[in-house]
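Heads up: the structure comes next, in structure tokens.
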Amino acid sequence: MLYHPDHRLWLLRGPATAYAIRLAEDDSVQHVHWGAAMTLAQAAELAERTSPAASSFESVAGADELAAEGGARFGPPSLLVRFADGTRGVQWRYAGHDIDGGHLRIHLQDRHYPLRVTLNYRVHDDSDVIERWTIIENLDDQAAGSAVTVLRCDSAAWTAPHRTRYRVSHLVGGWNSEFQLRQADIPVAETVLTSRRGMTSHHANPWLAVDDGTAGEDHGEVWSTALAWSGSWRVTLHRDPVGRTTWTGGFGHEGLSWSLAPGEALETPVFAGLYTADGFGTASRAWHGYVRRHVLAHPDETRPVLYNSWEATGFDVDEAGQMALAARAASLGVELFVMDDGWFGARTSDRAGLGDWAPNPARFPSGLGPLVAEVHRLGMRFGLWVEPEMVNPDSDLYRAHPDWVLHMANRDRTEMRHQLVLNLARPDTAEWTHSWLDRLVADHGIDFLKWDANRPFTEAGWPGHPDPDRVWIDHTRAVYRIMDRLRADHPGLRIEACAGGGGRADLGILSRTDQVWISDNTDPVDRIGIQHGFSQLYPAQVMSAWVTDSPNVATARRTPLRFRFHVAMAGVPGIGGDLTTWSEEELKESAELVAAYKRIRPVVQHGDQHRLRGDGTLTAFEYALGDDHVVLAWCPTRPYGHGPAPLRLAAVRPEAVYQDLETGRTYPGAVLLHFGLPLDMPRGDHASALVRLRRLNSTPGGIDPVAAL
Ligand code: DGJ
């Protein structure tokens with residue numbers, strides 16, 4: 001991190017990239033460069049090149065790092081404030097900066113009002129990801145001062161350099177269809193990606209990538225960003241008519257406002273950005289590395305193969321049924337048994353009982369103790385489903401505390417899935433929630449929680465509270481705090497994030513959970529696309545994926561067991577089918593496939609992931625760790641009965657020789673790279689292949705590919 005006082009310029013350097021910003025004459029912080037490595041002198045040269053305003057209708061400002069309303073600025077603002085006297089916007093005065101290792105703080109104050117904003121930038125030695133966030137403080141006198149209204153406070157704005165074309169890649173979806181990758185030219189307009197649901201959402205994920213329309217998996221410049229926030233959010237892309245593309249993002253959606261009392265500060269979540277010169281695959285691997293080293297709490301652990309009872313039993317859970325499933329799961333090599341919804345209160349359907357977190361006495365006459373003990377005796381860890389932010393109106397909790405939910409005076413309380421959202425921004429509600437979870441985990445030795453959330457916010461009010469929109473921030477922060485506290489007090493506890501499938505997957509939740517249930521859709525054909533999209537930002541080791549019954553409960557599609565397993569093996573597989581109905585043959589094949597996964601698991605969970613192909617007929621991933629390579633390939637359909645063409649690998653060395661660990665066959669690296677790996681797949685639709693390769697040697701002078709074959 002370097003500072004050039006003459007040019008008032010900062011240069012942040014990653015291992016392969018540089019990011020430069022400077023103070024303009026009006027003391028606003030302006031973007032200079034985000035891309036290839038550069039020296040301070042080169043960046044200073046760039047910083048001089050400002051273009052004059054083309055007419056009296058154009059802004060003279062460059063690209064702001066955090067565009068505050070004020071002066072000739074007409075793009076989407078990152079910061080909107082209103083002072084007690086009605087004045088809006090800010091006029092900056094630079095108030096110094098400090099650099100602490102990889103952390104740069106730039107302090108700005110309003111020239112007239114007691115408002116301070118700190119722009120934070122943090123870089124790590126081992127990553128090109130830049131973390132950015134904002135702190136806004138009302139410096140007014142605590143006794144006699146007045147509040148500032150914050151109408152928008154983004155974490156950061158990002159700027160791509162001038163290109164003739166701009167394309168955005170982003171993830172869209174819905175329940176059962178999350179993480180669909182979409183690519184589109186960025187229009188000369190403002191494009192909003194957002195969630196107004198109080199959660200990250202199934203519908204848009206707070207990741208995007210910008211390129212000039214020519215980047216591919218392994219070539220081309222890509223500028224990508226990800227917001228570490230699990231509540232409502234908004235990212236606004238702005239391509240202006242003269243060709244500049246910027247985007248600003250942060251927590252909250254439009255129309256909310258927060259009041260900042262004298263002496264109070266508001267800190268935004270991190271909005272992280274990454275420049276890569278070599279395509280989307282390189283960008284994904286750089287993000288995966290960043291998530292492992294700087295987001296996840298236990299990145300080096302190996303995630304267990306789990307069993308989950310949901311698709312097998314629905315709400316019909318009881319001790320005997322769960323024990324029968326547990327015995328079968330253990331015999332297949334499952335390592336973690338998770339009992340899903342239906343174990344507590346009057347929860348025999350989705351209509352009642354949510355919020356009453358005591359085991360249902362008719363279903364578990366001696367409590368959870370016997371089941372937990374049996375699961376542990378079988379050599380598995382025990383996991384339990386919870387939905388701590390929600391309540392059925394038909395519950396003892398709601399009858400006792402109807403005011404604990406999000407609601408507004410004179411408005412109906414909209415039910416979705418017969419439930420309402422608890423207002424965890426309330427300290428009493430949050431404290432109660434923490435204490436039952438803490439007791440549950442402690443009393444039963446629970447190893448794993450699946451933390452679910454099955455509806456968005458509506459009527460998100462907080463009657464009687466002076467700043468009711470705070471709920472959009474403080475609810476999410478309370479969820480974070482409860483998780484953080486549980487994990488600190490129960491160091492062995494692992495958590496799976498879930499919100500009706502993939503409704504809450506983001507870098508914020510991942511810094512306090514270990515894996516994500518990314519979709520309720522367990523159909524392997526649909527799942528290929530969902531997993532492909534998820535991999536853009538998130539590493540395989542956090543992607544939970546179950547093998548369930550055929551025909552699939554969501555799509556009625558029939559698929560072979562081996563295909564279902566091979567698709568789930570792309571991440572952390574579990575079994576979610578009704579094992580009591582599986583034939584001896586299916587159970588035997590499942591045990592073999594679980595064992596096969598355990599052989600490839602270190603490479604899948606801890607290796608580098610390469611998306612080799614991703615079209616309708618063949619999708620394939622390669623994982624590489626040291627000398628070991630795993631290839632997973634899936635053909636959902638085989639037009640004309642044609643077999644797949646040889647699959648060109650990505651992460652092999654041309655001069656080395658690789659051996660297929662099942663067949664013993666060897667391949668020169670050059671052949672795998674340029675010609676491809678022949679895929680031995682069964683005929684027909686829903687075919688798949690799993691290949692393990694090991695590098696045998698390295699012959700720098702090259703080898704004769706034909707001889708090696
Ligand atoms: C939604 C989750 O995504 C499912 O896996 C299951 O846990 C149900 N909720 C239970 O209600």
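The values are calculated or read from the model by the stated rules, or taken from the named source; none is laboratory data. Given the structure is predicted, the values throughout are model-derived calculations rather than measurements. We place every Cβ from the backbone using ideal geometry, glycine too, and count neighbours over all the protein chains shown. To get the accessible areas, we keep the full protein, side chains included, count just its heavy atoms, and leave off ligands, DNA and RNA. Shrake-Rupley method; radii C 1.70, N 1.55, O 1.52, S 1.80 Å.
Show me the chymotrypsin sites (Phe, Trp or Tyr not before Pro) within the range 593-643 that DSSP assigns to loop and that have at most 16 other Cβ atoms within 10 Å of their Cβ.
When the chymotrypsin sites (Phe, Trp or Tyr not before Pro) of the range 593-643 are filtered for loop state and at most 16 Cβ neighbours within 10 Å, nothing remains.
Given H placed 1.01 Å from N in the peptide plane, which residues other than close sequence neighbours of ALA63 have an amide H under 5 Å from its amide H?
HIS31
Which is the longest part of the chain that has none of the GluC sites (Glu not before Pro) sitting in a DSSP loop with at most 10 other Cβ atoms within 10 Å? Each step should come with its number before you reach the end.
On the way: sites that count: GLU25, GLU48.
That gives 49-709 as the longest site-free run.
What is the extension gain from MET323 to HIS107, computed as 0.36 nm multiplied by their sequence separation minus the C-alpha to C-alpha distance, in nm to one decimal?
Gain in length upon complete extension: 71.8 nm.
Work from the charge dipole of the chain (Cβ charges, +1 for Lys and Arg, -1 for Asp and Glu, about the Cα centre) and give the residue of GLY502, LEU151, GLY35 farthest towards its positive end.
GLY35
Short version: ³J(HN,Hα) in whole Hz for each residue of the range 508-514, in order, from phi by Karplus 6.51 cos²θ - 1.76 cosθ + 1.60 (θ = phi - 60°), x for Gly and Pro, what are they?
Residue by residue, the range 508-514 yields x, 6, 5, 7, 9, 10, 10 Hz.
Would you mind working out the magnitude of the charge dipole of the range 400-500 relative to its Cα centre, with +1 at each Lys and Arg C-beta and -1 at each Asp and Glu C-beta, to the nearest 20 Debye?
In total the dipole reaches around 160 debye.
Loop-only trypsin sites (Lys or Arg not before Pro) in the range 71-125, please: DSSP not H, G, I, E or B, and at most 14 other Cβ atoms within 10 Å.
Of the trypsin sites (Lys or Arg not before Pro), the ones in loops of the range 71-125 whose Cβ has at most 14 other Cβ atoms within 10 Å are ARG111.
Report, by chain and number, residues whose modeled amide H sits under 5 Å from the one on LEU208, excluding near sequence neighbours (fewer than 5 apart, same chain).
Residues meeting the amide H criterion: THR225.
Could you state the number of Å between the C-alpha centres of the range 586-651 and the range 71-101?
Their Cα centres are 50 Å away from one another.
What dipole magnitude, in Debye to the nearest 20, does the range 233-365 give about its Cα centre under +1 on Lys/Arg Cβ and -1 on Asp/Glu Cβ? Can you show the working numbers first?
Working: 11 positive and 16 negative charges, 97 e Å.
Here the range 233-365 has a charge dipole of around 460 debye.
How large is ³J(HN,Hα) for each residue in the range 348-358, as worked out from phi by the Karplus curve 6.51 cos²θ - 1.76 cosθ + 1.60 (θ = phi - 60°), to whole Hz, x for Gly and Pro?
So the Karplus estimates, Gly and Pro as x, are 9, 7, 7, 8, 8, x, 5, x, 9, 8, 10 Hz.
About its Cα centre, how strong a charge dipole does the range 560-618 have in debye, to the nearest 20, once Lys and Arg get +1 and Asp and Glu get -1 at the Cβ?
320
Please work out how much accessible surface MET199 shows to a 1.4 Å probe, ignoring ligands, DNA and RNA, in Å² rounded to 10.
So the heavy atoms of MET199 present about 10 Å² to solvent.
What shape does the range 125-211 take by its C-alpha gyration tensor, where a ≥ b ≥ c are the square roots of the eigenvalues and a/c under 1.5 counts as rounded, a/b above b/c as prolate, and the rest as oblate?
Prolate is the answer for the range 125-211, as a/c is 1.5 or above and a/b outweighs b/c.
Rounded if a/c is under 1.5, else prolate if a/b beats b/c, else oblate: with a ≥ b ≥ c from the C-alpha gyration tensor eigenvalues square-rooted, which is the range 653-702?
Taking the square roots of the gyration eigenvalues as a ≥ b ≥ c, the range 653-702 is prolate.
Percent relative contact order of the range 402-559, based on C-alpha pairs within less than 8 angstrom and at least six residues apart?
For the range 402-559, the relative contact order is 19 percent.
In terms of the Cα gyration tensor, with a ≥ b ≥ c the square roots of its eigenvalues, is the chain rounded because a/c is under 1.5, prolate because a/b exceeds b/c, or oblate?
oblate
Tell me the accessible surface of SER195 in square angstrom (1.4 angstrom probe, heavy atoms of protein chains only), to the nearest ten.
Accessible surface of SER195 is approximately 0 Å².
Just grab the label-to-label distance for ALA556 and ASN410, each label 7 Å out from Cα along the Cβ direction, in nm (one decimal).
Inter-label distance under the simple model: 4.9 nm.
Applying the Karplus parametrisation 6.51 cos²θ - 1.76 cosθ + 1.60 with θ = phi - 60° to the phi angles of the range 598-610, what ³J(HN,Hα) value in whole Hz is obtained for each residue in order, glycine and proline being reported as x?
4, 6, 9, 4, x, 6, 5, 7, 10, x, 8, 9, 10
How much net charge surrounds GLY75 when only other residues with a Cβ under 11 Å from its Cβ are counted (Lys, Arg +1; Asp, Glu -1)?
Within the 11 Å Cβ shell, the charges total -1.
Using heavy-atom solvent-accessible surface (probe 1.4 Å) with all chains present, what is the largest-first order of THR458, THR548?
Most to least solvent-accessible, the answer reads THR458, THR548.
Taking Cα pairs under 8 Å and at least six residues apart, what relative contact order does the range 433-515 come out at, in percent? The partial results should precede the final answer.
Numbers: 77 pairs, mean separation 30.8, N = 83.
Normalised by residue count, the contact order of the range 433-515 is 37 percent.
Run the numbers on the chain and let me know its relative contact order in percent, using alpha-carbon pairs under 8 Å that are six or more apart.
Working: 1688 pairs, mean separation 67.7, N = 709.
With pairs under 8 Å counted, the relative contact order is 10 percent.
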